[in-house]
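Derivation of every value follows stated rules applied to the coordinates shown; laboratory data play no part. On a predicted model such as this, the values are computed, not experimentally measured, just so you know. Cβ coordinates were reconstructed from backbone atoms using ideal geometry, including for glycine residues, and neighbour counts include every protein chain displayed.
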Amino acid sequence: MGEEVVVFDVWVNPYSRRVETAMRLKGVPYRYIEEDLGNKSPLLLKYNPIHEKVPVLVHNGNPIAESLVILEYIDETRPQGFPILPRDPYERATARFWSKFIDDKCMPAITQACWDEGEASDKAVEEATELLMFLENELKEKRFFGGERIGMVDIAANIVGFWLGTIEEVTGVELMTRDKFPKLSNWSIEFVRSNVIKENLPPREGVISYLRKKRLTR
Amino acid sequence: MADDQVILLDYWVSVFGMRVRIALAEKEIKYESREEDLLGNKSDLLLKMNPIYKKIPVLIHNGKPVCESLIIVQYIDEIWNDRSPLLPSEPYQRAQARFWADFVDKKVAPRGVLWKKGEEQEAAKNELVETFKILEGELGDKPYFGGETFGFVDISLVTFSCWFHAFEMFGKFSMKAEFPKITEWAKRCMQRESVAKSLQDPKKVDEFVVEYRKKSLGLE
């Protein structure tokens, strides 16, 4: 990769952390710019005019948005480093499928299950449970979704591995219980303990107090 | 490669199925197409090959399923990498291609202008028009979204061109008047055999939309 790499980020945002994790796995130095989403910087708006969101990776002045797109870019520009996607085309398609599943289905369901109230929440809890069960079954006997080492799907599942626990603690909604999800529960422990991941997670208490404040303003 | 068995589970009017048809045609891959009865009974094969979403398209390559149209197109590009590249070779261009294809999925695909009514339909129509404005700008004066050659982003969007008339009917706007570049681009793409033979007749799409609105959504 080389030269100048900047990551526009928000400390508490799991999507941003995906990008930072990938950069660290590849050993690529980068400059980190913290964004205030309530007051977006002109640079962010210039680099991501379509969605106006983080994360954005800017490589030698060229911006890339959408965390999963950025992960693939990082992997392709540093092919000799730690592999984020598998090399085999069928396994790559599978990794893309599960990463997209996490973003398109799991995230919205978890959000609804934990933050909505009453009947809407009950139905969402049912849906989220069903979706998490797909992930539980996909893990099979593997240590990580990527096999022996973490890969794109593990990085994408950071929401499940770390953030879900904090959301559950703040809202009191229990989604990923050990008795229902023994494999996912074990995986999340391995995930937060694994080298690059653990150095790159935001402080748990910080996230919890951020979410508590957010809950009050909803 | 000669012994490859390729099956596509498809649905005649699906924009997503059409994307895969185009990709297979661009690569000149022989395959067996199986039409699913999506509004009636989904086949056991579909439920087995795509248990998560139970949707088409599903590409079954030598017995192994690949789901989600854009993922399938990338898979086709990576397996049959000896001809007609669908994605650019340069990583930054590839990232841009993936970004824009994802944009089409997020902003064009939902087609709320067709499936909703009243205020929701109006809001969906406004969002669709804004989306096409962005795409019109992104296309600019290039022959294709990727530049000189037909590629991933074109495939992701061109399948909607046979739905443009339906958008116009229900959104009450003119694609040609408001988005002349996209209109020209769609015509240009239709000159490719892979596109011409993969897309559905717009009249049949219109009929489908009217029928679906009535029967499945209870809308006039």
TODO: Might you report the magnitude of the Cβ-based charge dipole of chain A about its Cα centre, with Lys and Arg at +1 and Asp and Glu at -1, to the nearest 20 debye?
DONE: 480 debye
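Provide Rg over Rh for chain B; use the alpha carbon set for both Rg and the Kirkwood Rh (inverse mean inverse pair distance). Mind dumping the intermediate values first?
Numbers: Rg = 17.3 Å, Rh = 18.1 Å.
Taking Rg over the Kirkwood Rh, I get 0.96.
Run lengths n ≥ 4 of DSSP H only: what is the helix-derived mean residue ellipticity at 222 nm for the protein assembly as shown, with -39500 (n - 2.57) per run over all residues, to the nearest 500?
Numbers: 23 runs with 237 residues, N = 438.
It lands at -16000 deg cm²/dmol.
If you take each beta carbon of peptide B:64-70 and count the beta carbons of other chains within 10 angstrom, what is the mean? Spell out each step's value before the answer.
Numbers: counts 3, 4, 6, 6, 6, 0, 2.
Taking the mean over all residues of the peptide, I get 4.
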Open item on the list: If you average the alpha carbon positions of segment B:64-78 and of segment A:1-63, how far apart do those two centres end up, in angstrom?
Closed with: 28 Å
Task: Whether the protein assembly as shown is rounded, prolate or oblate, judged on the alpha carbon gyration tensor where a/c under 1.5 counts as rounded - done: rounded
TODO: Once you have a ≥ b ≥ c as the square roots of the Cα gyration tensor eigenvalues for segment A:89-216, tell me rounded if a/c is under 1.5, and otherwise prolate or oblate according to whether a/b is larger than b/c.
DONE: oblate
TODO: Using +1 at the Cβ of each Lys and Arg and -1 at the Cβ of each Asp and Glu in chain A, identify which of A:MET107, A:LEU175, A:ILE74 lies farthest towards the dipole's positive end.
DONE: A:ILE74
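For peptide A:126-133, compute the average count of partner chain beta-carbon atoms within 10 Å of each residue's beta-carbon.
Working: counts 0, 0, 0, 0, 1, 1, 0, 0.
Partner-chain Cβ atoms within 10 Å, mean over residues of A:126-133: 0.
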Task: Reach of B:LYS142 by Cα under 16 Å, taken over lysines that are not fewer than 8 positions away in the same chain - done: B:LYS133, B:LYS181, B:LYS187
- [ ] Given the options B:LEU87, B:LEU38, B:LEU135, state which has the largest fluctuation in a GNM of chain B using a 10 Å cut-off (strictly under) for Cα springs.
- [x] B:LEU38
Task: Directionally averaged shadow of segment B:134-180, computed from the convex hull of its alpha-carbon atoms, nm² - done: 3.4 nm²
- [ ] Rounded to whole Hz and in sequence order, give me ³J(HN,Hα) for segment B:144-154 from the Karplus expression 6.51 cos²θ - 1.76 cosθ + 1.60, θ = phi - 60°, writing x for Gly and Pro.
- [x] 9, 4, x, x, 7, 10, 5, x, 3, 5, 4
Open item on the list: 5 Å is the cut-off here: which amide hydrogens, built 1.01 Å from N in the peptide plane, fall below it relative to A:LYS142, excluding neighbours closer than 5 in sequence?
Closed with: none
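Per-residue mean of other chain beta-carbon atoms within 10 angstrom of the beta-carbon, peptide A:92-103?
Across A:92-103, the average partner-chain Cβ count within 10 Å equals 5.
Run the dipole for the protein assembly as shown about the Cα centre, Lys and Arg Cβ at +1, Asp and Glu Cβ at -1, nothing else charged, and hand back the magnitude in debye, nearest 20.
On the way: 63 positive and 71 negative charges, 27 e Å.
So the dipole magnitude of the protein assembly as shown works out to roughly 120 debye.
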- [ ] Describe numerically, in nm with one decimal, the distance between label points set 7 Å from Cα along Cα→Cβ at B:GLU193 and at A:ASN39.
- [x] 6.1 nm
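Once a ≥ b ≥ c are taken as the square roots of the eigenvalues of the Cα gyration tensor of chain A, is the result rounded (a/c under 1.5), prolate (a/b larger than b/c) or oblate (a/b not larger than b/c)?
Values: a/c = 1.84, a/b = 1.20, b/c = 1.53.
Oblate, because a/c is 1.5 or more while a/b does not exceed b/c.
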- [ ] Report the extension gain between B:ALA177 and B:GLU78 in nm, rounded to one decimal, defined as 0.36 nm multiplied by the number of residues separating them, less their alpha carbon distance.
- [x] 31.8 nm
